[in-house]
Amino acid sequence: MRNRGLVVVGAGLAGVAACESARREGFSGPITLIGAESHLPYDRPPLSKELLVGEASPAVPLLRERGRFTELDIDVMTDAPAVGLDTRARVVGTGKGDVPYQHLVIACGARSRELPGTSGISGIHTLRTHSDVEAVWKRLQSPVRVVVIGAGFIGAEVASAARNYGHPVTIVEAAPAPLTRSLGAEGGALVTELHAANGTELVLGVGVESMITDSTGTTVAGVKLTDGRVVDGDLVVVGIGAAPSTEWLSDTDIGLDARDGGIECDATLAVLSSAGLPVDGVWAAGDVAHWPNALFDKRMRLEHWASASEQGAAAARNAVSGSSPMPFTTVPYFWSDWYGTRIQFVGTSHADELLVQQRRDKTGGTVVLYRSGGRVAGVLTIGRPDLIMKYRRFVTAPDSWVSGVNYGADQCR
Ligand SMILES: Cc1cc2nc3c(=O)[nH]c(=O)nc-3n(C[C@H](O)[C@H](O)[C@H](O)COP(=O)(O)OP(=O)(O)OC[C@H]3O[C@@H](n4cnc5c(N)ncnc54)[C@H](O)[C@@H]3O)c2cc1C
């Protein structure tokens, strides 16, 4: 068996941030980064953006070259999914043997949700991994009718890429309005206008009844909707969200959220047991972690690049520093690129009121402020990448509504 040190499960963004943070903190013990995939850790945002429209088959967008891990003396295990955890003996079981730990950071992210009844039918894909993007990119190289199930951010980016090739695209969304959870109904409606402006058909408020296959019964030919309509399509991309990758923890005492299976943490990202008590030496970070964000007085699980990176660093710092663990807080931030327009959101969309401060035209230059009580709770910009981070300070400040509105009025003149 190896010597005990820091073990990080999940060789993604949060996992890499955790390893680097531990070394920055001066941790000199062994660090092992356990990954389920065959690649070194790679970045996900490019998968649904530039890599889908690139001229060559998508390269793996590595987060760090191998030399960086060597330099930091980090042992990266690939193709080694964690399959079990013994928190008393402090051992992670993997497909390549047991790995003992002194400190453990769980950063195993999430996996795409699949539509029931679609497995084994060729032409139906999700988009989360490099092999997913390779398969979708290949299909996009020749004429193809594209159906995207789910009008969320990843579905919208796939639609945008497909339109870039000139392919006909239909998005099918079961909810009456898209992105209401992330942007609120009004904000969701504003970004959704980009689809019509770019020739993507959007079908709202209708679910998927079944997949239609060709005469062989093995290849998709279309989608039957719950209202009886049929949308022809030979490439179907399912973008109906992600679920935390925690099946391997189901037989352990780790507390998992009853609704989505994410890992329950306290304010310092220390993992809680199913009885709600901190599990000694175990922390979590990234898409997999639920924690109370004191800035918003709310439990959150974010699927955003920025928070995954920040949480990885914070969890490892708390794990190895030896001093009292610090609460982790963040102002949620994400971006998405549709049809050449950048959509950005900072804060939270839970609001009493939305104020559209700027709406230059249908395809860009839109700024929306979200008010909760007397404070700016969130800000949405469409095609104003110059502004979003300037608004961040209003989201963190109490009673910031009036000053935020005045600031915006000035900026949006
Ligand atoms: C296609 C796509 C586009 C995105 N675009 C944006 C964007 O534009 N803006 C934005 O803010 N965010 C975006 N995101 C979200 C952002 O990329 C994620 O929030 C971030 O990658 C989360 O990092 P993570 O390390 O927590 O999880 P992940 O990136 O999911 O990494 C977790 C790793 O753990 C591995 N793993 C899982 N189970 C095990 C196990 N049992 N043992 C070992 N390893 C395991 C997984 O294989 C994976 O490699 C996008 C996500 C996707 C999928």
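The values are calculated or read from the model by the stated rules, or taken from the named source; none is laboratory data. Note that the structure is a prediction, hence the values are computed from the model and not measured. Positions of Cβ are generated from backbone atoms using ideal geometry, with glycine treated the same way; all protein chains shown enter the neighbour counts. For the accessible areas, the whole protein counts, side chains as well, though only heavy atoms, and no ligand, DNA or RNA atoms are used. Shrake-Rupley method; radii C 1.70, N 1.55, O 1.52, S 1.80 Å.
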Practice task
Sort out which residues of the range 294-305 are of a type in the set (Phe, Trp, Tyr) and within 16 Å of the ligand (Cβ to nearest atom), and write them in order of number.
Solution key: 305
Practice task
Taking residue 360 as the residue in question, decide whether it is of a type in the set (D, E, K, R), at pLDDT 95 or above and under 22 Å from residue 409 (Cβ atoms).
Solution key: no
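Mind listing just one residue for me: the one in the range 246-262 that is under 13 Å from residue 82 (Cβ atoms) and touching a strand residue (DSSP E or B) at 6+ places or on another chain (Cβ under 8 Å) and, of those, most open to solvent (accessible area, probe 1.4 Å)?
Among those that are under 13 Å from residue 82 (Cβ atoms) and touching a strand residue (DSSP E or B) at 6+ places or on another chain (Cβ under 8 Å), it is 251.
Quick one: in the range 52-72, which of the residues that are open to solvent by less than 50 Å² (accessible area, probe 1.4 Å) and away from the ligand (no atom under 15 Å from the Cβ) is nearest to residue 308 (Cα to Cα)?
Quick first cut of the range 52-72, residues open to solvent by less than 50 Å² (accessible area, probe 1.4 Å) only: 52, 54, 58, 60-61, 63, 67, 69, 72.
Those still in the list that are away from the ligand (no atom under 15 Å from the Cβ) too: 67, 72.
Details: 67: 23, 72: 21 Å.
The residue in question is 72.
Quick one: in the range 73-102, of everything that is in a loop (DSSP other than H, G, I, E, B) and within 14 Å of the ligand (Cβ to nearest atom), which residue is most open to solvent (accessible area, probe 1.4 Å)?
96
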Practice task
Go through the range 208-256 and give me each residue that's under 30 Å from residue 108 (Cβ atoms) and assigned to a loop (DSSP other than H, G, I, E, B).
Solution key: 239, 240, 241, 245, 246, 250, 251, 252, 253, 255
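Out of the helices (runs of 4 or more DSSP H) lying entirely within the range 109-207, which hold 1 or more residues that are under 24 Å from residue 370 (Cα atoms)?
On the way: elements: 130-140, 153-164, 180-197.
It comes to 153-164, 180-197.
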Handout entry: Output for the range 1-23, where each listed residue is out of contact with any helix residue (DSSP H, G or I) (no Cβ under 8 Å at 6 or more places or on another chain) and not in a strand (DSSP E or B)
Key = 1, 2, 3, 4, 11, 23
Fill in the blank from the handout: Of the residues in the range 236-264 that are under 18 Å from the mean Cα position of the chain (by Cα) and over 21 Å from residue 129 (Cα atoms), the one that is nearest to the ligand (Cβ to nearest atom) is 263
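Here is a yes/no grid of residues against (1) aromatic (Phe, Trp, Tyr); (2) within 20 Å of residue 337 (Cβ to Cβ); (3) touching a Lys or Arg at 6+ places or on another chain (Cβ under 7 Å); (4) not in a loop (DSSP other than H, G, I, E, B):
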| site | (1), (2), (3), (4) |
| --- | --- |
| 380 | no, yes, no, yes |
| 389 | no, yes, no, yes |
| 394 | yes, no, no, yes |
| 399 | no, no, yes, no |
| 403 | no, no, no, yes |
| 408 | no, no, no, yes |
Practice task
Check whether at least one residue in the range 274-293 is open to solvent by 30 Å² or more (accessible area, probe 1.4 Å), within 14 Å of the ligand (Cβ to nearest atom) and either assigned to a loop (DSSP other than H, G, I, E, B) or in contact with a His (Cβ under 7 Å, 6 or more places away or on another chain) (or both), and report yes or no.
Solution key: no
Handout entry: Residue list for the range 31-51, restricted to those being surrounded by fewer than 18 Cβ atoms within 10 Å (Cβ to Cβ), more than 9 Å from the ligand (Cβ to nearest atom) and in a loop (DSSP other than H, G, I, E, B)
Key = 38
